[in-house]
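The values are calculated or read from the model by the stated rules, or taken from the named source; none is laboratory data. Given the structure is predicted, the values throughout are model-derived calculations rather than measurements. Reconstructed Cβ throughout: ideal geometry from the backbone, glycine too, with neighbour counts over all protein chains shown.
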Amino acid sequence: MKKSVLLICMVLGMYATLFAQETEGAKLPGYRTTFETRKFWQDWYVGVNFGGNALFAEHFKDAKFKNTITFMPAITVGKWFNPWWGVRLQGGGGALHGFGPGATEMLHMHYMYAHADFTFGLINFFAKYKENRKFDIVPFIGIGGMTRKKDQSFIIDAGIQARYDIDPRWSVNLEFKGMILDDDLVTRGGFPNDGIGGLSVGVSYRFNKKNFKAIDMDAIRLQNEQFIGLGKKVSTLEDENTRLNNEVDNLKNQNNRLTGDIQDLQQEIAKVKKAYAEESPIPVTIPFRFNRSKVDEVYQVLIYNLAVYMKNHPDSRVRIVGYADKFGTREVNLKISEKRAKAVAKILTDKYGIAADRIDVQFKGKDESFYKDDNKWNRCAVAEIIR
């Protein structure tokens, strides 16, 4: 009987070692991660944003840009269902500036709006999930309505938010948003639809501190499979207690088989890690202000992440291409796009010690647009890893 118990303990010890090694792998991307079940009233948040917006309607091009800008407050209530998708309700209001022909007349129009959005955590979706991640890029899209006096309009809104978590409850954000609405705020005609674009900064408060906890489903599944298999082995060993010598031989064979399985699993893990390391990351876009070539502090983190990747992959190189919007002459835009690309390259070399021969600097001006949907997005430099 003592020998049987000893054999059972040996098998369970091998099982514990195997399970510990097989569950030590790398974390999965957010979209492949299973998370703990949360109560409905968890993960709600509220926030406020303040910034400026502009009405894009008939004759707005005739006006000075500064005259189109008005104050834009907004209040947000939302919920995250997991780290990479959620919903929110945002409302706000204020005033808009419309213009008559030649911008000789400025219309001061008060309005209110509300819309419901689907929010998508881009980094939490594609990157390996981390419970303590501070920064995320959050695109959003939604529908809603706007009212101005007795005039109501259906709206479609979309935008992108850069969010930084100060602590588990408080976060700050920079949000760019656009809204499409009916063509009658100023006058009907000229534009197929009127539009409102705005840029704001904000702060939000989350009602619970605890972040989403990932569940290692592969480890649980593997544990169950191993437990069933080992139960059968233990039963066999107990039935064959009178043949101790044969049991020892069988146990050695099982140990060899399990060792081979571990080696096979380690080789598979090494292949997956190698394949992942060889994947090229998505291009990094560093935005710039209008007619500026200085990298804003809020976008320094993008260059930092790029430098970390290049230090971890010493054989990689980066191509930095400067772009510009279509406002202004070709010569001016070509020059500003060159300054933008060189500004990013200078930070990589001077601040992070990346060798200059690993950086390919190009500039396109307004001859080529990286972003086709929105001309303003082309006020940027795009960094792409090349092998």
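List of remarks:
- Qualifying residue in the range 50-60 (condition: more than 30 Å from K213 (Cβ to Cβ), among the small types (G, A, S) and touching a helix residue (DSSP H, G or I) at 6+ places or on another chain (Cβ under 7 Å)): yes
- Conditions (1) charged (D, E, K, R); (2) within 19 Å of F118 (Cβ to Cβ); (3) in contact (Cβ under 8 Å) with a residue 60 or more places away in the chain; number of the one not met by R163: (3)
- Among the residues of the range 90-112, those identified as under 27 Å from the mean Cα position of the chain (by Cα) and not polar (S, T, N, Q) are G91, G92.
- When we screen R32, R38 for residues that are free of Cβ contacts under 8 Å to residues at least 60 places away in the same chain, within 30 Å of Q223 (Cα to Cα) and not hydroxyl-bearing (S, T, Y), the only hit is R32.
- Failed item in (1) within 29 Å of the chain's Cα centre (by Cα); (2) of a type in the set (V, I, T); (3) at pLDDT below 85, with T17 passing the rest: (1)
- Residue in the range 237-246 that is modelled with pLDDT of 85 or more, within 21 Å of the chain's Cα centre (by Cα) and loosely packed, with under 14 Cβ neighbours inside 10 Å present: no
- Applying the criterion of being in contact with a strand residue (DSSP E or B) (Cβ under 8 Å, 6 or more places away or on another chain) and assigned to a loop (DSSP other than H, G, I, E, B) to the residues of the range 25-37, the residue that is farthest from Q266 (Cα to Cα) is E36.
- Cβ pairs under 8 Å, 6+ apart, first in the range 208-231 and more than 19 Å from K27 (Cα to Cα), second at pLDDT below 85: Q226/Y15; Q226/L18; Q226/F19; F227/Y15; L230/V11; L230/L12; L230/Y15
- When Q254 is tested against (1) over 30 Å from I166 (Cα atoms); (2) assigned to a strand (DSSP E or B), exactly one condition is not met: (2).
- Lone unmet requirement of (1) surrounded by 16 or more Cβ atoms within 10 Å (Cβ to Cβ); (2) over 29 Å from the mean Cα position of the chain (by Cα) for G198: (2)
- Qualifying residue in the range 368-383 (condition: of a type in the set (S, T, Y) and either assigned by TED's automatic domain parsing to the domain that holds K61 or more than 30 Å from F125 (Cα to Cα) (or both)): no
- Condition met for Y205 (within 21 Å of I69 (Cβ to Cβ), aromatic (F, W, Y) and either touching an Asp or Glu at 6+ places or on another chain (Cβ under 7 Å) or in contact (Cβ under 8 Å) with a residue 40 or more places away in the chain (or both)): no
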